[in-house]
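Student: Just dropping this structure here.
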Amino acid sequence: MRQIVLDTETTGLEPAAGHRIIEIGCVEVLNRRITGNNLHLYINPEREIDEGAMEVHGITLEFLADKPVFAQVAEEFVNFIDGAELVIHNAPFDVGFINHELKLLGARWGTVEQRCRVLDTLRLAREMHPGQKNSLDALCRRYDVDNGHRELHGALLDSEILADVYLAMTGGQTNLSLGGQDSGGGGQRQAEAIRRLSADRPSLRVVSADGDDLQRHLDKLRSMAEQNGQPTLWETEEG
């Protein structure tokens, strides 16, 4: 199975308002192995970048001034993702922007859904962890994926982190989370949390029932059997 873990950065939140893609990051996963065959594109949006978006990803229009426009990288991008399953966190956002860019180039480019299957890891996480935080940062904490180097959002960096998170999410059970709270740490911290009994601990004291205890137990069982209108099991077998 060929999967592409994908993320984008944009000039704003709404393609319908004319916002454009400025960065695409793709990480290839073949048969659940990250191959290192990545695609990373910076794109000149030919428009201003919203201040709020810039605070998230830190990409400026000055940096993008000499980068290609989407039309110049569209073929390379489409060829890279064609036929794969796209793994995206909050897929409707990224797919909506990509489809908007493709639409601007003409009908022959089609849509993402016509070329690829799409797996939304945000939706998957909400199904697996209902009532809990399921942002990428929250999933990193839950699955013990290191994202300490993530000071700003970046399409390739976030795709690399999401690839690790996705493989952890779909690879088996992790540590339990109780009370609807994110459980920090993974296998190592979980193992450290298990209290081990000392090998030289004293033997447990065994107290056996005496004759009176056994008789009271037998009388209780017979009383319960009589209430049900049936003899006790061992008396039936002996009879």
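None of the figures in this text is laboratory data; all of them are computed from the coordinates on show. Worth saying up front: this structure is predicted, and the values here are computed from it rather than measured. Cβ sites come from the backbone with ideal geometry, for glycine too, and all protein chains shown count toward neighbours.
Student: Work out how much length residue 34 to residue 220 would gain on full extension: take 0.36 nm times their residue separation and subtract the Cα-Cα distance, in nm to one decimal.
Tutor: 60.5 nm
Student: Grab the Cα-Cα distance for residue 85 and residue 63, subtract it from 0.36 nm times how many residues apart they are, and report the gain in nm with one decimal.
Tutor: This chain segment gains 4.8 nm when fully extended.
Student: Can you tell me the convex hull volume per residue for the stretch 1-127, based on C-alpha atoms, in Å³ to the nearest whole number?
Tutor: Cα-based convex hull of the stretch 1-127, divided per residue, equals 117 Å³.
Student: Would you give the gap between the C-alpha center of the stretch 1-49 and the C-alpha center of the stretch 154-171, rounded to a whole Å?
Tutor: Centre-to-centre distance over Cα atoms comes out at 13 Å.
Student: Which of the peptides 31-42, 82-93 is most tightly packed, and how do the rest follow, judged by the mean count of other Cβ atoms within 10 Å per residue?
Tutor: For the peptides 31-42, 82-93, the packing ranking is 82-93, 31-42.
Student: What nm value, rounded to one decimal, do you get for the distance between residue 71 and residue 50 when each label is placed 7 Å out toward the C-beta?
Tutor: Result: 2.6 nm between the two label points.
Student: Can you tell me which of 3-14, 116-127 comes out highest on packing, and rank the rest after it, using the mean Cβ neighbours within 10 Å?
Tutor: Put in order of decreasing packing, that is 3-14, 116-127.
Student: Give the long-range amide H neighbours of residue 7: residues separated by 5 or more places, or on another chain, with amide H under 5 Å away, using H modelled in the peptide plane at 1.01 Å from N.
Tutor: When sequence neighbours closer than 5 places are left aside, the close amide H contacts are 25.
Student: Using a Cα-Cα cut-off of under 29 Å, which lysines could be cross-linked to residue 67, ignoring same-chain neighbours fewer than 8 residues away?
Tutor: Those lysines meeting the cut-off are 103.
Student: Output ³J(HN,Hα) for the stretch 113-127: one whole-Hz value per residue in order, computed from phi by the Karplus curve 6.51 cos²θ - 1.76 cosθ + 1.60 with θ = phi - 60°, and x for Gly and Pro.
Tutor: Taking θ as phi minus 60°, the curve returns 5, 6, 9, 9, 7, 10, 10, 9, 6, 5, 5, 4, 5, 5, 6 Hz for the stretch 113-127.
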